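See structure below.
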Amino acid sequence: MTQHVARFKRSLLVGLALIGLGLIPSATSAERVEVSIDASKTGAKIDRDIFGQFAEHLGHGIDGGIWVGRDSTIPNTRGIRNDVVTALKALKVPNVRWPGGCFADEYHWRKGIGPQRAVSLNPNWGGVTEPNTFGTDEFMDFLGQIGSDAYISVNVGSGTPQEAAEWLEYMTTAQPTTLEKERAANGHPAPYKIAFLGIGNESWDCGGNMTPDYYVSQMKIYSRFVRNFNPAQQDKDQMQKIAVGPGGGEPRWTEWTETVMKAYQQHTWSWDINGLSMHSYTVGHWPPSYASSGFGETEYSQILKFTLEMDDLISKHSAIMDKYDPQKKVALVVDEWGTWYAPLPGSNPGFLVQQNSLRDAVLAALNLNIFARHADRVRGANIAQMINVLQAMIMTDKEKMVLTPTYYVFKMYEPFQDSTFVPVTFNSGTYTHGDVSLPRVDAIAAKGKDGKLWVEITNIDPNETVDVELNLVGTSAKGASGETLTAPKVDSINTFDAPSTVVPKPISAKAQGGKLTLKLEPKSVTVISLEQ
Ligand code: AHR
């Protein structure tokens, strides 16, 4: 025992001496990173639609998450829960993709309008019944309440062009047709605005297992006949048509992108597309097996490594798109992305319920930064999914609601909506854990619509503080301030009982000798604006 104490004291003294000589880092030492921002140069617009969301009829994504019904004791406006609306309004969600996902290719819109709703099935997601009480008019009401645009995915897999065309007529015509009168009778005389139209979903898989050529022939028919009649969307604000795109980087998906883009290059006056969708989940391996809480640094580093593959995937498909569309008229729309972990124990596996931790917050920031760096081509993205499903913004349980770490990242990034990309260079350093090596730091900068220069810096390293030195070219600053998001552990979560474990706190940077210095806590996401 005494021997152990003596050995411990000896190693402590040696350790302190080495720290004193600067040979090993002390617990308070920090990694240094220089970030240079050239505000005299600007790049593409960071389209606000990259902050879009996805709400599918899946588990409690809509039922219970958004919709509680008019007679519910949970405070609601026309059946839509007020707490969720308040939280989403604060995020300034640009658009919501609905009704699916795989669900969209089995959705028949007429079942979800009018006073009598048909009860149908949801075979994709748990085989439960679908009450259809939240249909087109309720979705539009929800969008109105949160101040967001509609991204409607039409049923290509098991529907018909006629069914989709009539749905669009129901939603958008101002002419006195039977469908217009039906919409008015359902309480909505004015036509709805539809910002985006998804022509099918994953048509290479759950959307009908089509070959690329077969899909292209369907896409042309839907693009031609599924029209938006809203008079306000004929010249400006035209509905953007999004074709099904790839779901990975393997040859079957590069062939898919080639086929759709080649068809686009040869398109005639009678049809058009404005976007190509891409789906990419951070899952590790199928079936999803990573735990969403109760994990350690190994799983933290592995999942972040997987998520950074998004960059290569976008580059790969962008390069194919460039061949057929060098002017970048067709946007790449990453309309399903986010983490997909093992279902929470005890939950219905078909409901895709998982926890949302600090790891998800760091991961969200890394992906948003990738989208921003590809802003010339990536002009839309929808995180999956908005509420209670996969990497959710919000979790609910009956009357309870909690905002997730991912929610706070989207809130912090709000100034980047429709901002202009500003180039940033930095020596990222390396964070290593086991056989995983990652850039220690990631950063983007942009000129916001408010005229301010906004900077985001993520410190991926869960162990080391990072001292950032911001070098500004083409501008100067007295200081900077904003918010930083971190938590005690990589798997820290917010719960209904402890909702403030992972919440942003204020941070500021001081100018010294013309440079700004900022201390970033381990595993943190930071957004600041310069004070000039
Ligand atoms: O988001 C869950 C599912 O993932 C969607 O329904 C489908 O498009 C994708 O495979």
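The values are calculated or read from the model by the stated rules, or taken from the named source; none is laboratory data. Everything numeric here is computed off the predicted structure, so don't read it as measured data. Reconstructed Cβ throughout: ideal geometry from the backbone, glycine too, with neighbour counts over all protein chains shown. These accessible areas exclude ligands, DNA and RNA; they are computed on the full protein's heavy atoms, side chains included. Shrake-Rupley method; radii C 1.70, N 1.55, O 1.52, S 1.80 Å.
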Between a first residue in region 72-85 that is at positive phi and open to solvent by less than 10 Å² (accessible area, probe 1.4 Å) and a second residue that is of a type in the set (A, V, I, L, M, F, W, C) and outside any loop (DSSP other than H, G, I, E, B), which pairs have beta carbons less than 9 Å apart while being 6 or more apart in sequence or on different chains?
G79/W67
When the residues of region 443-453 are filtered to those that are under 20 Å from the mean Cα position of the chain (by Cα) and farther than 23 Å from A487 by Cβ, which remaining residue is surrounded by the most Cβ atoms within 10 Å (Cβ to Cβ)?
A446
Can you confirm whether region 425-433 contains a residue that is modelled with pLDDT of 95 or more and within 22 Å of the chain's Cα centre (by Cα)?
no
Could we say that R224 is within 26 Å of the chain's Cα centre (by Cα) and open to solvent by 40 Å² or more (accessible area, probe 1.4 Å) here?
no
Considering each residue of region 486-528, count those that are of a type in the set (D, E) and surrounded by fewer than 16 Cβ atoms within 10 Å (Cβ to Cβ), and give that number.
1
With respect to P349, is the statement that it is surrounded by 18 or more Cβ atoms within 10 Å (Cβ to Cβ), more than 26 Å from Y151 (Cα to Cα), at pLDDT 95 or above and within 16 Å of the ligand (Cβ to nearest atom) true?
no
Looking at this structure, is N471 touching a residue at least 40 places away in the same chain (Cβ under 8 Å), assigned to a loop (DSSP other than H, G, I, E, B) and not small (G, A, S)?
no
Residue within region 102-110 that is open to solvent by 10 Å² or more (accessible area, probe 1.4 Å) and over 22 Å from V156 (Cα atoms) present:
no
Is it the case that some residue within region 80-94 is out of contact with any strand residue (DSSP E or B) (no Cβ under 6 Å at 6 or more places or on another chain) and within 16 Å of the ligand (Cβ to nearest atom)?
no
Please count how many residues of region 243-302 are within 16 Å of the ligand (Cβ to nearest atom) and among the hydrophobic types (A, V, I, L, M, F, W, C).
8
Please pick out the residue among E464, E456, E483 that is buried (at least 18 other Cβ atoms within 10 Å of the Cβ), of a type outside the set (G, A, S) and under 21 Å from the mean Cα position of the chain (by Cα).
E456
Determine the pairs where a residue that is of a type in the set (A, V, I, L, M), located within region 98-115, has a partner that is open to solvent by less than 10 Å² (accessible area, probe 1.4 Å) and within 10 Å of the ligand (Cβ to nearest atom) with Cβ atoms under 7 Å apart, the partner being 6 or more residues away or on another chain.
A104/S153; A104/N201
Give region 141-152 a look and list any residue that's surrounded by fewer than 19 Cβ atoms within 10 Å (Cβ to Cβ) and within 13 Å of K193 (Cβ to Cβ), or say none.
G144, G147, D149
Meets criteria (of a type in the set (D, E, K, R) and in contact with an Asp or Glu (Cβ under 6 Å, 6 or more places away or on another chain)) for R359:
no
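Residue-by-condition table, conditions (1) crowded, with 19+ Cβ neighbours inside 10 Å; (2) farther than 17 Å from C102 by Cβ:
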| site | (1), (2) |
| --- | --- |
| P246 | yes, no |
| E255 | no, yes |
| M261 | yes, yes |
| T268 | no, yes |
| N274 | yes, yes |
| Y281 | yes, no |
| T298 | no, yes |
